């Protein structure tokens, strides 16, 4: 009699089942321990070699924060130290001057990303710096300097943006108004409330520092579907009542900048309120027919 026959005849069905289960559990544990040894000895060192894990920090490899984004919105990172920005991104901001000029480093590190350039002074040797954004905050440009720089950039056929804190925004708007360039400047607003929602009248919002206490120093911004001066100018479609999408949002933003209202800025639907606003705009600019259709001539007068 073999040992198997002896074992089968000497045990009850219940004991036999327990024995089988015990052997399976032991085999599974052994398999998991083997996988753990392989992970530690081979896979982790390979990851470290490929990603330079000791320098970048594994949490810094995330691409986007887990926040709901409106259609077409993007996430952008910025830091005075380019090496701190997450490695997987499609959009970063970097400085052309100041204490941490890092545009060249950003373009090397992110060859396929869109790089938004920032000036902290606005002027070098009396000439306006060619950048997408001017940094208007304590220690950098004042609201008056930011508005003066923006006006000079507009004269050079550029579409400038002013970065400022939400609390400073009213003073910046006043300076822009005094410079006679209202409606021709975009705003990137800093408001660290943790909410990825762009305020009405802005193209971007810096809403968070390094999220989740991750290593490295960088800020996170949400950016709208179109940033004048940064993105190529889109071909704007003819819009009418019932239209919807990013182009409707852009039309509302541009009309709102010029003092037209009666519609909900956050809605991408072309409703009756927008029809009335378009009619008023066309009447004020002597465009015929005076109806609620926004075509090429309306877009052209709105700067598109």
Fill in the blank from the handout: Here, residue 142 and residue 231, labelled 7 Å along Cα→Cβ, have an inter-label distance in nm of 3.5
Problem - Computed label-point distance, nm, for sites residue 192 and residue 88 using a 7 Å Cα→Cβ extension - result: 2.7
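Contour minus end-to-end for residue 32 and residue 283, with contour as 0.36 nm per residue of separation and end-to-end as the Cα-Cα distance? Intermediate values should be presented prior to the final figure.
Details: separation 251, 0.36 × 251 = 90.36 nm, distance 7.49 nm.
Stretched fully, the residue 32-residue 283 segment lengthens by 82.9 nm.
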Completion exercise
Expressed in angstrom and ordered largest first, the alpha-carbon extents of the stretch 246-301 along the principal axes are 28, 19, 18
Problem - Span from the the stretch 221-300 Cα centroid across to the the stretch 94-160 one, whole angstrom - result: 29
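Neighbour counts of other C-beta atoms within 10 Å: give me 108, 153 arranged from fewest to most. Don't jump to the answer; show the numbers that get you there.
Values: 108 10, 153 25.
Ascending Cβ contact count within 10 Å gives the list 108, 153.
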Fill in the blank from the handout: If R0 = 41 Å, then residue 258 and residue 81, at their Cβ-Cβ distance, give a FRET efficiency to the nearest 0.05 of 0.55
Exercise for the section: Take every Cα pair under 8 Å in the stretch 169-247 that's 6+ residues apart, average their separations, divide by the length, and report that relative contact order as a whole percent. Expected result: 19
Handout entry: Added length on full extension, which subtracts the Cα-Cα distance from 0.36 nm per residue, residue 290 to residue 123
Key = 55.7 nm
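Any read-out appearing in this document is the output of simple, stated calculations on the displayed coordinates, not a laboratory observation. Here the structure is a predicted model, which means the values were calculated and not measured. Cβ: placed from backbone, ideal geometry, glycine included. Neighbour counts: every protein chain shown.
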